[in-house]
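Peer 1: One structure, as structure tokens, below. Some questions next.
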Amino acid sequence: MDDRQIRISAEDVSYTYDGADSPALTRVRAEIREGEFVAVLGHNGSGKSTLAKLMNALYLPTEGRMLVCSFDTAEEASVWEVRRRAGMIFQNPDNQIVATVVKEDVAFGLENLGVPTDEMIPRVESALAAVRMSAYADAAPHMLSGGQKQRVGVAGILAMEPAILIADEATAMLDPSGRKEVLETVKNLNRHKGITVVWITHFMEEAAQADRIIVISDGRAAMEGTPREVFPQIEKMREMHLDVPRMTGLAAELREAGMPVDQSVLTVEEMVEEVKRLCPLKSGT
Amino acid sequence: MSIEVRHLSHIYGEGSAIRTVALDDISFTVEQGEFVGIVGHTGSGKSTLVQHLNGLLKPSSGQVLIDGEDLNGEKVNRRALRQRIGLVFQYPEYQLFEETVAKDIAFGPKNQKLGAQEIDRRVRKAMESVHLDYDTYAEKSPFELSGGQMRRAAIAGVLAMEPEVLILDEPTAGLDPRGRDRILSMLEDLREKEKKTILMVSHSMEDMARLADRLLVIAGGKLAADGTPREIFSDPERMAGLGLDVPEAAKLCAALRAAGYDLPRDLYRGEELREHILRIWREQRAEERAADGREARRTDAPASRTEVRKADEREAREAEGRAEPDSRADARKGAKPC
């Protein structure tokens with residue numbers, strides 16, 4: 001039995017946009033537990049961003065219930081309780097920076113919460129330290145790279161000391177090194193600060209690093225499992241217009257040609273191990 | 001048409017405290033029909049470079065020659081030269097503004113004062129080139145389209161000017177896998193069927209491996225390498241030194257060679273790796289069969305490492321469930337309370 005506390009619980013959540021003919025989400029059932037790093041996959045328009053916004057009480061379910069740290073997002077009194085606990089970071093780094101100095105940007109959320117200044121300063125400092133941006137506390141945000149801006153965005157959420165971080169394609173507009181730096185930052189927060197992470201992404205290599213994957217397709221929770229359980233189902237993934245990591249694809253092709261490679265290979269290192277296992281080099285050659 | 005870049009340098013803020021050399025003595029020639037990928041770390045100067053190729057920026061020194069004519073020459077009809085080179089910016093869909101897709105695509109040709117019939121022909125042709133069905137989408141608002149469709153509509157707006165060269169800055173950024181794939185197959189068709197000369201800036205080495213005939217690697221404002229993907233990707237260490245990746249298949253090739261396997265050093269496509277791995281595996285099996293005259297070893301292979309790892313992961317999850325004092329459970333002691 002998994003006795004970790006449930007952080008987010010979607011109980012048959014449906015959501016229909018105003019004026020839309022069909023629901024964006026249909027009876028989605030999902031549980032996310034404390035300390036988990038869960039990736040959410042789905043093609044554009046699948047409903048995954050809608051799901052994220054429901055987790056943050058930006059939207060309220062048309063049907064069903066969304067519980068965040070046991071608060072029902074639909075109850076008016078709990079909206080701020082939810083938002084304080086579930087911080088959200090979005091795709092475009094430029095759209096979420098509000099101040100002209102990095103540390104003031106990080107302090108913005110705290111000011112809104114009415115945190116006193118003497119408490120605010122150490123919280124801002126430690127949030128910037130956690131994303132390794134302390135050296136830029138007095139810098140102007142527009143001088144930063146995309147990856148650095150997103151890390152400042154993460155620090156702004158971190159300063160509010162949330163239990164949950166929801167990232168809606170936070171790396172989509174970054175270059176490869178920016179992407180790596182933001183994902184590493186968030187993985188660290190997950191591992192060392194116990195923050196539960198919901199990571200929405202189009203990059204399969206990022207999802208491969210999650211504890212668990214939830215695939216949304218046509219507004220429904222279509223698949224769920226560890227990356228090793230989800231990605232080998234290549235046909236199903238392709239039907240949902242999704243990719244799999246390159247090495248998982250290569251493993252499937254090798255199996256098709258008769259070579260018994262493990263189908264749950266995700267990375268280059270694992271593929272090398274498989275080749276070594278199946279084609280051991282003789283010593284001296 | 002050919003583009004020749006000769007000793008091109010560009011300096012921002014000359015004479016000021018923020019003087020930055022963005023491009024430093026770059027020379028290369030792009031021939032008719034080539035598909036050239038431009039790669040480089042953010043801030044390397046790639047976007048500055050492409051903005052010189054259609055005259056949006058003027059070189060501080062050096063020249064850009066279009067079919068031998070200096071784009072910035074005194075007597076040159078810059079407007080006419082520019083129209084032969086279509087530039088698609090990053091996130092071009094942000095520039096869509098008309099009521100319908102057809103009107104948006106017609107905007108450029110209309111400005112060129114073309115006749116209604118010619119405009120209609122170009123709109124239809126451009127939509128076909130970007131794989132947007134005319135009957136379905138022409139009269140739709142661009143804002144009803146998906147992100148990937150919007151981007152293709154924006155590219156159609158550039159194609160409607162019928163440029164001979166198409167330059168795209170990060171055409172797949174921010175799209176989902178299906179949107180990315182649609183853009184790439186559209187570009188493949190533009191090259192194969194329409195024989196367009198294409199220059200593409202991208203961070204995705206996988207996209208470059210699929211499309212590019214040739215790669216220009218820009219680093220610190222200099223042309224650090226100019227060669228085929230096969231040449232460039234065969235040196236993952238050098239690329240890493242420039243802050244750049246190589247395709248996964250090239251990484252696998254390097255890792256297998258480092259492990260002692262006999263492979264050419266310059267494989268970078270998944271299907272090449274597949275064939276070589278199968279070759280190695282088949283050769284070994286044939287040798288084994290020859291050695292002991294029966295189907296051998298295959299079943300003796302040790303348990304797959306990923307199987308072992310999966311078991312470990314299961315165990316770890318169970319251990320967490322029992323809240324045993326392993327490292328994960330320790331970490332969770334510090335888990336953020338609600």
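The values are calculated or read from the model by the stated rules, or taken from the named source; none is laboratory data. On a predicted model such as this, the values are computed, not experimentally measured, just so you know. Glycine gets a Cβ as well: all are built from the backbone with ideal geometry, and neighbour counts include every protein chain shown.
Peer 1: Out of the residues in the stretch B:132-143 that are exposed (fewer than 15 other Cβ atoms within 10 Å of the Cβ) and in contact with a helix residue (DSSP H, G or I) (Cβ under 9 Å, 6 or more places away or on another chain), state the one that is nearest to B:E188 (Cα to Cα).
Peer 2: Ranking the qualifying residues of the stretch B:132-143, first place goes to B:D133.
Peer 1: Test of understanding: among B:A173, B:A209, B:A154, which residue is outside any loop (DSSP other than H, G, I, E, B) and either without any contact (Cβ under 8 Å) to a residue 40 or more places away in the chain or under 22 Å from B:L53 (Cα atoms) (or both)?
Peer 2: B:A154
Peer 1: Taking the stretch B:52-76, which residues are in contact with an Asp or Glu (Cβ under 9 Å, 6 or more places away or on another chain) and without any contact (Cβ under 8 Å) to a residue 40 or more places away in the chain?
Peer 2: B:V76
Peer 1: Residues A:I164, A:I214: which one is modelled with pLDDT of 95 or more, surrounded by 21 or more Cβ atoms within 10 Å (Cβ to Cβ), among the aliphatic types (A, V, I, L, M) and more than 24 Å from A:E270 (Cα to Cα)?
Peer 2: Of the residues listed, the single one that is modelled with pLDDT of 95 or more, surrounded by 21 or more Cβ atoms within 10 Å (Cβ to Cβ), among the aliphatic types (A, V, I, L, M) and more than 24 Å from A:E270 (Cα to Cα) is A:I164.
Peer 1: Please count how many residues of the stretch B:186-206 are away from chain A (no Cβ under 14 Å) and touching a residue at least 12 places away in the same chain (Cβ under 8 Å). Spell out how you get there, then give the answer.
Peer 2: Restricting attention to the stretch B:186-206, the residues satisfying the condition of being away from chain A (no Cβ under 14 Å) are B:186-200.
Remaining after also requiring touching a residue at least 12 places away in the same chain (Cβ under 8 Å): B:186-191, B:194-200.
The total comes to 13.
Peer 1: Having 1 or more residues that are over 28 Å from A:M173 (Cβ atoms) is the bar; report the strands (runs of 3 or more DSSP E) wholly within the stretch B:5-124 that clear it.
Peer 2: Per the criteria, B:20-30, B:61-66.
Peer 1: So which of A:R65, A:R33 ends up being of a type outside the set (S, T, N, Q), away from chain B (no Cβ under 14 Å) and over 26 Å from B:S146 (Cα atoms)?
Peer 2: On inspection, the qualifying residue turns out to be A:R65.
Each row is one residue, and each column tells you yes or no for (1) hydrophobic (A, V, I, L, M, F, W, C); (2) in contact with a Leu (Cβ under 7 Å, 6 or more places away or on another chain); (3) more than 28 Å from B:L175 (Cα to Cα).
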| position | (1), (2), (3) |
| --- | --- |
| B:I3 | yes, yes, yes |
| B:I11 | yes, no, yes |
| B:T48 | no, yes, no |
| B:D67 | no, no, yes |
| B:G86 | no, yes, no |
| B:E93 | no, no, no |
| B:D120 | no, no, yes |
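Peer 1: Across the stretch A:134-162, what is the number of residues that are hydrophobic (A, V, I, L, M, F, W, C) and touching a Phe, Trp or Tyr at 6+ places or on another chain (Cβ under 8 Å)?
Peer 2: Number of matching residues: 2.
Peer 1: Another question, then. Can you find even one residue in the stretch A:69-92 that is at pLDDT 95 or above, within 30 Å of B:G148 (Cα to Cα) and touching a Gly at 6+ places or on another chain (Cβ under 7 Å)?
Peer 2: No; the residues of the stretch A:69-92 include none that is at pLDDT 95 or above, within 30 Å of B:G148 (Cα to Cα) and touching a Gly at 6+ places or on another chain (Cβ under 7 Å).
Peer 1: Okay, moving on. Give me the residue from the stretch A:180-202 that is facing chain B (nearest Cβ under 9 Å) and more than 11 Å from the chain's Cα centre (by Cα) and, out of that set, farthest from A:V265 (Cα to Cα).
Peer 2: A:K193
Matching residues to (1) in contact with a strand residue (DSSP E or B) (Cβ under 9 Å, 6 or more places away or on another chain); (2) surrounded by 20 or more Cβ atoms within 10 Å (Cβ to Cβ):
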| residue | (1), (2) |
| --- | --- |
| B:Q63 | yes, no |
| B:A106 | no, yes |
| B:P109 | no, yes |
| B:K113 | no, no |
| B:I119 | no, yes |
| B:V130 | no, yes |
| B:L145 | no, no |
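Peer 1: Among the residues of the stretch A:25-49, count how many are in contact with a Phe, Trp or Tyr (Cβ under 9 Å, 6 or more places away or on another chain), modelled with pLDDT of 95 or more and surrounded by 20 or more Cβ atoms within 10 Å (Cβ to Cβ).
Peer 2: Selection size over the stretch A:25-49: 6.
Peer 1: Among (1) assigned to a loop (DSSP other than H, G, I, E, B); (2) hydroxyl-bearing (S, T, Y); (3) free of Cβ contacts under 8 Å to residues at least 40 places away in the same chain, where does A:S46 come up short?
Peer 2: (3)
Peer 1: Another question, then. Of the numbered conditions (1) among the charged types (D, E, K, R); (2) at pLDDT 95 or above; (3) surrounded by fewer than 21 Cβ atoms within 10 Å (Cβ to Cβ), A:E184 fails exactly one; give the number of that condition.
Peer 2: For A:E184, the exception is condition (2).
Peer 1: Please specify each residue of the stretch A:228-285 satisfying the condition of being touching a residue at least 60 places away in the same chain (Cβ under 8 Å) and more than 20 Å from A:D211 (Cα to Cα).
Peer 2: The answer is A:M240, A:H241.
Peer 1: Test each condition in (1) at pLDDT 95 or above; (2) surrounded by fewer than 16 Cβ atoms within 10 Å (Cβ to Cβ) for B:A250 and report the one that comes out false.
Peer 2: Tallying (1) at pLDDT 95 or above; (2) surrounded by fewer than 16 Cβ atoms within 10 Å (Cβ to Cβ), B:A250 fails exactly one: (2).
Peer 1: Taking the stretch A:71-93, which residues are in contact with a helix residue (DSSP H, G or I) (Cβ under 9 Å, 6 or more places away or on another chain), in contact (Cβ under 8 Å) with a residue 24 or more places away in the chain and either more than 30 Å from A:V152 (Cβ to Cβ) or not in a loop (DSSP other than H, G, I, E, B) (or both)?
Peer 2: Once the filter is applied, which keeps residues that are in contact with a helix residue (DSSP H, G or I) (Cβ under 9 Å, 6 or more places away or on another chain), in contact (Cβ under 8 Å) with a residue 24 or more places away in the chain and either more than 30 Å from A:V152 (Cβ to Cβ) or not in a loop (DSSP other than H, G, I, E, B) (or both), the stretch A:71-93 yields A:V82, A:R84, A:A86, A:G87, A:M88, A:I89, A:P93.
Peer 1: Of the residues that sit in the stretch A:126-141 and are without any contact (Cβ under 8 Å) to a residue 40 or more places away in the chain and more than 25 Å from A:G35 (Cα to Cα), which one is surrounded by the most Cβ atoms within 10 Å (Cβ to Cβ)?
Peer 2: Applying the first criterion (without any contact (Cβ under 8 Å) to a residue 40 or more places away in the chain) to the stretch A:126-141 yields A:126-129, A:133-139.
Those left that are additionally more than 25 Å from A:G35 (Cα to Cα): A:134-139.
Values: A:S134: 16, A:A135: 10, A:Y136: 20, A:A137: 17, A:D138: 9, A:A139: 15.
Filtering the stretch A:126-141 for residues that are without any contact (Cβ under 8 Å) to a residue 40 or more places away in the chain and more than 25 Å from A:G35 (Cα to Cα), the one surrounded by the most Cβ atoms within 10 Å (Cβ to Cβ) comes out as A:Y136.
Peer 1: I want to confirm something. Restricting to the stretch A:253-285 and keeping residues that are more than 7 Å from every other protein chain (Cβ to nearest Cβ) and surrounded by 17 or more Cβ atoms within 10 Å (Cβ to Cβ), which single residue is farthest from the chain's Cα centre (by Cα)?
Peer 2: A:V261
Peer 1: Against the definition (more than 14 Å from chain B (Cβ to nearest Cβ) and closer than 18 Å to A:A222 by Cα), how does A:D18 come out, yes or no?
Peer 2: On the way: more than 14 Å from chain B (Cβ to nearest Cβ): yes; closer than 18 Å to A:A222 by Cα: no.
So A:D18 fails the test.
Peer 1: Something else now. Listed residues A:A159, A:A210, A:A221; which is under 27 Å from A:A129 (Cβ atoms), in contact (Cβ under 8 Å) with a residue 24 or more places away in the chain and either within 12 Å of chain B (Cβ to nearest Cβ) or in contact with a strand residue (DSSP E or B) (Cβ under 7 Å, 6 or more places away or on another chain) (or both)?
Peer 2: So the residue among A:A159, A:A210, A:A221 that is under 27 Å from A:A129 (Cβ atoms), in contact (Cβ under 8 Å) with a residue 24 or more places away in the chain and either within 12 Å of chain B (Cβ to nearest Cβ) or in contact with a strand residue (DSSP E or B) (Cβ under 7 Å, 6 or more places away or on another chain) (or both) is A:A210.
Peer 1: Just checking, how many residues over the stretch B:1-44 are of a type outside the set (A, V, I, L, M), within 14 Å of another protein chain (Cβ to nearest Cβ) and either in contact (Cβ under 8 Å) with a residue 60 or more places away in the chain or in contact with a helix residue (DSSP H, G or I) (Cβ under 8 Å, 6 or more places away or on another chain) (or both)?
Peer 2: The qualifying residues number 4.
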